Amino acid sequence: MLAYVFWHLRRPTVAAPEYEAAHRVFHDTLWATPVPGLLGLRIYRLQQIPWLVPGQGGYEDWHLLEGSAVLDVLNEAAVTRARLAVHDRVAGMAAGGTAGLYGLRMGARTEPSFAYWMSKPAGMKYGAFDESLRPFISRGCCLWSRRMTLGPTSEFCLHAPAAVSLPYEALALKVEQLYSLGVTS
């Protein structure tokens, strides 16, 4: 499973409920006419997104995909005639954004309460890194790894259903799910 992850901020002049409602209308419209290969959507509110504007909260959209070929289909579908007006409305309310492409590396996708963004320690082999995180996977966490750099995010994201203490330096973000569409596991 792949995930196209999009982080975005609302303009300060737009109230959060108005932005979130427009955002939901866009995703409901996107989901209403199936996009081949789009398995699901998970939308989260974050208290901070340091790689956009340090100290400012925003949103994180996880578009769960069958594979990378779905990116072209999703991009086209987001701005088709039927969706263009709702896309442009929410895009006009946004203050900025960035994205990344991540692959599910270990574990089963979980609904996180925390996201831990980290890099592999310098000099450590990927196999050793994976093994060091295996105990967290056995406790219901899952590890995503970056497949394509589209912005300044970390190489790995550990989704955890509860707070954990990792053996590496990681940016811990509390996530609040606003809504989800599609796959349940």
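Averaging sequence separations of C-alpha pairs under 8 Å and six or more residues apart, then dividing by the length of segment 50-185, give the relative contact order as a whole percent. Spell out each step's value before the answer.
Values: 162 pairs, mean separation 39.8, N = 136.
Computed value for segment 50-185: 29 percent relative contact order.
At a 1.4 Å probe, what is the % contribution of carbon and sulfur to the accessible area of segment 20-146?
Values: 3140 of 5700 Å².
Within segment 20-146, the accessible surface is 55 percent carbon and sulfur.
Over segment 28-183, with the other protein chains present, what is the accessible area per residue in square angstrom, probe 1.4 angstrom? Show your work: numbers first, answer last.
On the way: 7310 Å² over 156 residues.
Dividing the accessible area of segment 28-183 by its residue count gives 47 Å².
How many angstrom separate the Cα center of segment 85-158 from the Cα center of segment 15-54?
Answer, in whole Å: 17.
Determine the shape class of segment 1-98: with a ≥ b ≥ c the square roots of the Cα gyration tensor eigenvalues, call it rounded for a/c under 1.5, and otherwise prolate if a/b is greater than b/c, oblate otherwise. Provide the component values of the computation, followed by the final result.
Numbers: a/c = 2.18, a/b = 1.38, b/c = 1.58.
Oblate is the answer for segment 1-98, as a/c is 1.5 or above yet b/c matches or exceeds a/b.
Could you compute how much accessible surface Met124 exposes when probed at 1.4 Å, giving the result in Å² to the nearest 10?
Probe radius 1.4 Å; accessible area of Met124 about 50 Å².
Pairs of alpha-carbon atoms within less than 8 angstrom and 6+ residues apart define the contacts here; what relative contact order does segment 1-83 have, in percent? Please report the intermediate quantities before stating the final value.
Details: 105 pairs, mean separation 34.3, N = 83.
Taking the mean separation of contacting Cα pairs over the length of segment 1-83, I get 41 percent.
Apply the a/c threshold of 1.5 to the C-alpha gyration tensor of segment 46-129 and tell me whether it is rounded, prolate or oblate.
Oblate.
Considering the dipole of the chain built from charges on the beta carbon (Lys and Arg +1, Asp and Glu -1) around the Cα centre, which of Ala108, Tyr44, Gln177 is farthest to its positive end?
Ala108
List the GluC sites (Glu not before Pro) within segment 115-180 that DSSP assigns to loop and that have no more than 10 neighbouring Cβ atoms inside 10 Å.
For GluC sites (Glu not before Pro) across segment 115-180 that sit outside H, G, I, E and B with at most 10 neighbouring Cβ atoms in 10 Å, the list reads Glu169.
Between Thr110 and Ser154, what is the label-to-label distance in nm when each label sits 7 Å out along the Cα-to-Cβ direction?
1.5
Keeping all protein chains in position, work out how much accessible area Thr149 exposes to a 1.4 Å probe, and write it in Å² to the nearest 10.
Per-residue accessible area (Thr149): approximately 90 Å².
Please build a GNM for the chain, connecting alpha carbons under 10 Å apart, and tell me which residue among Gly123, Gly67, Gly151 fluctuates the most.
Per the Cα network of the chain with a 10 Å cutoff, Gly123 tops the list.
The values are calculated or read from the model by the stated rules, or taken from the named source; none is laboratory data. Nothing here was measured: the structure is a model prediction, and the numbers come from that model. Quick reminder, even Gly has a Cβ in these numbers, built from the backbone with ideal geometry, and neighbours come from all protein chains shown. Side chains are part of the model used for accessible areas, which takes the heavy atoms of the whole protein and leaves out ligands, DNA and RNA. Shrake-Rupley method; radii C 1.70, N 1.55, O 1.52, S 1.80 Å.
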